[in-house]
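> Before anything else, here's the structure in question.
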Amino acid sequence: MVRPTRGVLYPARLPQFHRLPAAGAAADLVVWFWIPEWDVEPGRTSRQEIVGYPAVNLVVEPEAVILSGATTRASHRDLRGSGWAVGALLRPAAVAALLSDPAALVDAERVILEPELHHAVVAAMASGDGHRERAVSVFSAWLADRAGPLGEAGRHANALVDVLMGDGAAATPEEAAARLAVSVRTLQRLCHRHVGMSPAAMIRRRRLQEAAERLRADPTADLATLAAEIGYADHAHLTRDFRTVLGITPRSYRADAAT
């Protein structure tokens, strides 16, 4: 659906990082799995900065299983020593099986007790060559079993994110609602129930991710032209979003990303 580093603010600074597709029935439940692995020199830190997708992530780490909500700001994690994580960027159809109120988890995370999932993924990650694919396979199987067969409600929930975040996505909540043949109010309720954010906030996040990606790809891009091409009213609106979410201007980000 998107290029593998969208949402990652500084891809060149990443440790070993992979995005893998879900296996089997979990394709309706997971956008993709993301797996960073790192081995940072003693005494050093690798800061990874993300402007995340408006979605819930289910993450298995060596010590715990974590549900992480959608974020309203750029976030970071400081990596030290050696480690890994296996995360699932959840499609809306999976959220109801794990979380009753995703809005309560916005900008937050929660450790959950899922020993079967934890044991299976930890064992897979320690299994040698092909460990990432095995980890995705056991994670996918667990999710498919937990969520059960995909029903009409799940398909409809998935469709709303495809319309708001996918290729050829809607430019406004009104356009998204029309494509889904629902009212704007119904669209807002669906987004709140399955993501925890408003449709307008999801559209702004998509535009911001695209802007960051295009600035990395073309450091000479004219900011006013870029803003217009991705749906901002003007350059000032693009700059405001950058400052609000990333804490810096597009020009500062472009300079930082080039280093």
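> Can you tell me what percent of all Cα-Cα pairs in the range 11-147 are more than 22 Å apart? Mind dumping the intermediate values first?
Details: 3350 of 9316 pairs.
For the range 11-147, the share of Cα pairs beyond 22 Å comes to 36 percent.
> Next question. Rg to Rh ratio, the range 117-201, alpha-carbon atoms and Kirkwood radius?
Value, to two decimals: 1.16.
> Kindly provide log₁₀ I(q)/I(0) values, in the same order as q = 0.10, 0.17 Å⁻¹, from the Debye equation applied to equal alpha-carbon scatterers of the range 143-243.
Summing over Cα pairs of the range 143-243 leads to -0.34, -0.81.
> List the GluC sites (Glu not before Pro) within the range 31-107 that DSSP assigns to loop and that have no more than 15 neighbouring Cβ atoms inside 10 Å.
Hits after loop and neighbour filter: Glu63.
> Counting other beta carbons within 10 Å of each Cβ, put Val122, Val31, Val60, Val184 in order, fewest first. If you can, show how the numbers build up before the last one.
Details: Val122 18, Val31 24, Val60 28, Val184 15.
Ordered from fewest to most neighbouring Cβ atoms within 10 Å, Val122, Val31, Val60, Val184 come out as Val184, Val122, Val31, Val60.
> Also, quick follow-up: Under a plain spin-label model, where a point goes 7 Å from the Cα along Cα-to-Cβ, how far apart in nm are Glu133 and Asp101?
4.3
> How are the alpha carbon pair distances in the chain distributed across 10 Å bins from zero to the largest one, expressed in percent?
P(r) for the chain, in whole percents per bin: 7, 29, 35, 22, 6, 0.
> Moving on to the next point. Among the helices of the chain (complete DSSP H runs), which have Cα atoms covering no less than 18 Å along the helix axis and a Kyte-Doolittle mean of at least -1.0?
Passing helices, by number: 131-147, 152-165, 199-217.
> Give, rounded to the nearest 20 debye, the magnitude of the charge dipole that the chain has about its Cα centre when Lys and Arg contribute +1 at Cβ and Asp and Glu contribute -1 at Cβ.
With Lys and Arg at +1 and Asp and Glu at -1, about 520 debye.
> Mind listing which chymotrypsin sites (Phe, Trp or Tyr not before Pro) in the range 193-259 are in a DSSP loop and have 16 or fewer other Cβ atoms within 10 Å?
On the way: sites: Tyr232, Phe242, Tyr253; in loops: Tyr232.
Loop-located and lightly packed - none at all.
> Over the range 11-147, what is the relative contact order in percent, taking alpha-carbon pairs closer than 8 angstrom and at least six residues apart?
In percent, rounded to a whole number, it is 29.
> Using alpha carbons only, how many angstrom separate the centre of the range 179-193 from the centre of the range 57-105?
Cα centroid of the range 179-193 versus Cα centroid of the range 57-105: 24 Å apart.
> Which one of Ala22, Ala108, Ala124 has the biggest mean-square fluctuation once the chain is modelled by GNM with Cα springs under 10 Å?
Fluctuation is largest for Ala108.
> Give, as a single signed number, the net charge of other residues whose beta carbon lies under 14 Å from the beta carbon of Val65, with Lys and Arg counted +1 and Asp and Glu -1.
So the surrounding residues net to -3.
> Net charge near Pro54: determine it from the other residues with C-beta under 10 Å of the C-beta of Pro54, scoring Lys and Arg +1 and Asp and Glu -1. Numbers along the way, then the final one.
Numbers: positive: Arg204, Arg205, Arg206; negative: none.
Local charge sum for Pro54: +3.
Where a number appears in this text, it was derived from the coordinates with a stated rule and is not lab data. A quick note: this is a predicted structure, and the numbers were derived from the prediction, not measured. Neighbour counts run over all protein chains shown; Cβ positions are idealised from the backbone, glycine included.
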